[in-house]
Structures are given as structure tokens and as C-alpha cells.
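Report on the following structure.
The values are calculated or read from the model by the stated rules, or taken from the named source; none is laboratory data. What you see is a predicted model, and the numbers here were worked out from it, not measured in a lab. All Cβ positions, glycine included, derive from the backbone under ideal geometry; neighbour counts span all protein chains shown.
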Amino acid sequence: MTAQDELRLLPWVGPDGKPCFLSTGAHGGYVSRLADHIEAFQLGMASQLLEHARQVLDDDTEDLEELHLLTGQLAGALRDVLRVATSRGRRPVTPGHR
């Protein structure tokens, strides 16, 4: 396989929960750009959630329901960030894309 024919792990899963891949060319198409935007959104949300977690933990909250919700959100964000990291580790970073 050449670099142009590499499979890209997409930032979403199929209906059965299995990973989705895209065969990418030299110039990203619509689905590739959509995946880039979703990855950027996921990374931004993870950053905001991390800041919220710091605030909740700094407040020494004893609200178990809030902590349970926060834990679930952090687990989801970590899953998304790991998927982005895995995807980006499989393909070269092109100028203008991170």
C-alpha cells in the first residue's frame, strides 16, 4: 500500500460498533474533511471537559451524581481522543492539518 492508499480510522463507529475506515487519496475529499472537523471538535470538547473536571474537583464536591456524570463524560472524551491519536498515528500529518 502506498501512502496515498492508506486506510484512515474515522472518528465514528458503524451501527454495530465496529471501527470505520476510509481509503484516502493524496487530496482529502468530503468525508476526509468531515472527519477532520469532527476530530477537531472532539479534541476541543475534551479540553473543555478537562477544565470542567478541574473545577469540579477543586470545589471538593461530594455530589456523587455529579461525579458519576463527570466520570462518564471523561471516559467518552478519552475514548474519542484515543481514536484521534490512533488515526493520526496511522497516517502522515500533511501541512495545514493536525
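Would you check which residues across the stretch 38-81 are among the hydrophobic types (A, V, I, L, M, F, W, C) and in contact (Cβ under 8 Å) with a residue 60 or more places away in the chain and list them?
none
Answer with yes or no whether residue 42 is modelled with pLDDT under 85 and part of a helix (DSSP H, G or I).
Taking the combined requirement at face value, the residue does not satisfy it.
Working only within the stretch 59-86, note down all residues that are among the small types (Gly, Ala, Ser) and touching a helix residue (DSSP H, G or I) at 6+ places or on another chain (Cβ under 7 Å).
Passing the criteria: only 77.
For residue 65, work out the one condition from (1) of a type outside the set (A, V, I, L, M, F, W, C); (2) modelled with pLDDT under 90; (3) touching a strand residue (DSSP E or B) at 6+ places or on another chain (Cβ under 7 Å) it doesn't fulfil.
(3)
Is it the case that residue 54 is part of a helix (DSSP H, G or I) and surrounded by fewer than 13 Cβ atoms within 10 Å (Cβ to Cβ)?
The answer is yes for residue 54.
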